[in-house]
Amino acid sequence: MNGTPRGLNRVVLALTGLVLLALGASLAALAAAPSLAFRWQVWAGAQVAALRGLAARTRLAPGAGSWIWLVVAACLLVLVIFMVSWVANQGKGRTNILFQREGVASDDGAAGKVVLSSAVAEQSLKAALLERGDLLGVSVTSYDFRGQPAVRVRVLPRQGVAPHEIAADIGSLVDALDALLGVQVPVLVSLGSGARARFTKAERVR
């Protein structure tokens, strides 16, 4: 529902996995075959000698470093900017406005605007769900989904709790909230599971 670039993330992860797989296969082949290791040493030695010669030819001044390091630093800076931009694009799509309407006030005819914050729905639903003893965790967030605000409700039920009953209760809460606010907002209900739900004991009243 949020604006996370999932396609780009999958491509980056796939490329990273392929590079690591190729590197691991190469190292395994070098370790298993001494002849390949010897060829690698010969090839790597020639490459190191060529790099040393290139560094000597590209010195900025006698006794100074090579300008190639400046190019490497610029490439690393571009890589850092790309990574920061990639991290900043994760989880986008949050919205603070659940509903807004522009119109004319009925008393004096002045133009006005009605804005309903998404915190109203988030806090109302979360407060109602946190009172339940069969839920271990509750998360309510609002997103801008295709130009329309929507609410995502994610709950973590205890082990053994019927999911359809929780979904029905959340649906009743959403219907009551729509009737109270006078606005019908799309809601996505997500029921999670994990180790916390499996190993946490249910509380019983004695």
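The values are calculated or read from the model by the stated rules, or taken from the named source; none is laboratory data. Every value quoted in this text rests on a predicted model; they were computed, and no experiment measured them. Don't worry about glycine lacking a Cβ; one is built from the backbone with ideal geometry, like all the others, and counts go over all protein chains shown.
What to note about this one:
- Among residues of segment 1-19, those that are under 17 Å from residue 86 (Cβ atoms) and either modelled with pLDDT under 80 or surrounded by 11 or more Cβ atoms within 10 Å (Cβ to Cβ) (or both), counted: 10
- Matching entry among 124, 117, 66, 106 (being in contact with a helix residue (DSSP H, G or I) (Cβ under 8 Å, 6 or more places away or on another chain) and modelled with pLDDT under 85): 66
- Note on segment 153-193: residues that are surrounded by fewer than 17 Cβ atoms within 10 Å (Cβ to Cβ), farther than 20 Å from residue 137 by Cβ and within 24 Å of the chain's Cα centre (by Cα) total 1.
- Residue identified as of a type in the set (Gly, Ala, Ser), modelled with pLDDT of 85 or more and out of contact with any Pro (no Cβ under 7 Å at 6 or more places or on another chain) among 88, 22: 22
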